Protein chains: 2
Amino acid sequence: MVDILHRVGVESPSPEKVYDAITTVEGLAGWWTDDTKGKAEVGGVLEFRFPAGGFDMEVLEQRPSERVTWKVVDGPEEWIGTTIDWQLRQDGDHTIVLFEHQGWEEPVEFMHHCSTKWATFLMSLKSLLETGTGAPAPDDQRISNWH
Amino acid sequence: MVDILHRVGVESPSPEKVYDAITTVEGLAGWWTDDTKGKAEVGGVLEFRFPAGGFDMEVLEQRPSERVTWKVVDGPEEWIGTTIDWQLRQDGDHTIVLFEHQGWEEPVEFMHHCSTKWATFLMSLKSLLETGTGAPAPDDQRISNWH
């Protein structure tokens, strides 16, 4: 099993704004994909859609301003059964976001792509909170021929 | 042992320009850090310096337009002994860059940071080759309180 790891810091006086951006449909639509639907509550399923496909995530855990965990229940074969884990904490004037996409079976080329793509979406989250403007799909940053 | 994985595609008619950007001091200075020195040849050592420190890399392998491997011989403790591996191949109008920073002992928070930071530098490499302008240190994209 192999994991994608990332860390960004959002200039914010507390983790609440970051927490809201990953636990509300409106927040998620502001930085990941504008086609986000579903229930952002424990046991609910979030549906993220992109021009080329999408992911359904069951919310496993939501601890306000501290931790969010999703399990992938539908999407590309390599993603199904993996988990997305978010840990938040305040460090001075930054909210630190520790991100892990855990449990890939093999370090396939698609995992390399998703690692870079997650980084650009985390920068989109940072931008949304710091400037009011994110870059969610379909206007996301292109990284390759796989978009 | 855990690895950082990334994949970007550079719009380019052949891998040669990407290969040059990772195997010449001038190329490396255009997207990673403008304070790059050393010998970009097998057995040589490249010295990358940033405002907060730097890395020395021994060049282990250079296969034109295909593969480059460096070993970290000086720098932060967590980096020493790790390897940086670049694989290039052409896919239509894109040069695909498969990047791995291999052999971290533990998935520490600093590794999360470096994973995201590598993604932004790979986007800087892509930008350099597609537009003529990269974002090397000290003008690199800030991702957190750790820069």
Exercise. Taking the condition of a type outside the set (F, W, Y) and within 15 Å of the chain's Cα centre (by Cα), does B:E58 pass?
Worked result: yes
Seminar exercise, completed: Reported set for the range A:61-72 where residues are surrounded by 15 or more Cβ atoms within 10 Å (Cβ to Cβ) and either without any contact (Cβ under 8 Å) to a residue 12 or more places away in the chain or of a type outside the set (D, E, K, R) (or both) is A:Q62, A:S65, A:V68, A:T69, A:W70, A:V72
For this session: With the condition kept exactly as written, say whether any residue in the range A:124-145 is over 15 Å from the mean Cα position of the chain (by Cα), of a type in the set (A, V, I, L, M, F, W, C) and within 9 Å of chain B (Cβ to nearest Cβ).
Result: yes
Problem set entry | Criterion violated by B:P107 - all others in (1) surrounded by fewer than 21 Cβ atoms within 10 Å (Cβ to Cβ); (2) within 9 Å of chain A (Cβ to nearest Cβ); (3) out of contact with any helix residue (DSSP H, G or I) (no Cβ under 9 Å at 6 or more places or on another chain); (4) assigned to a helix (DSSP H, G or I) satisfied | (4)
Exercise. For A:H101, are the conditions met, namely being assigned to a helix (DSSP H, G or I), surrounded by 15 or more Cβ atoms within 10 Å (Cβ to Cβ) and modelled with pLDDT of 95 or more?
Worked result: no
Exercise. When you look at B:E109, is it without any contact (Cβ under 8 Å) to a residue 12 or more places away in the chain and more than 13 Å from the chain's Cα centre (by Cα), yes or no?
Worked result: yes
For this session: Could you look through the range A:81-94, keep only residues that are without any contact (Cβ under 8 Å) to a residue 40 or more places away in the chain and under 20 Å from A:V42 (Cβ atoms), and pick out the one that is surrounded by the most Cβ atoms within 10 Å (Cβ to Cβ)?
Result: A:T82
For this session: Tell me which residues, restricted to the range A:64-99, are within 8 Å of another protein chain (Cβ to nearest Cβ), farther than 21 Å from A:F50 by Cβ and under 15 Å from the mean Cα position of the chain (by Cα).
Result: A:I96, A:L98
Seminar exercise, completed: Filtering the range B:13-58 for residues that are surrounded by fewer than 20 Cβ atoms within 10 Å (Cβ to Cβ) and touching a helix residue (DSSP H, G or I) at 6+ places or on another chain (Cβ under 8 Å) leaves a count of 5
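The values are calculated or read from the model by the stated rules, or taken from the named source; none is laboratory data. Just so you know, these numbers come straight off a predicted model, no measurement behind them. Virtual Cβ from ideal backbone geometry, glycine too; neighbours counted across all protein chains shown.
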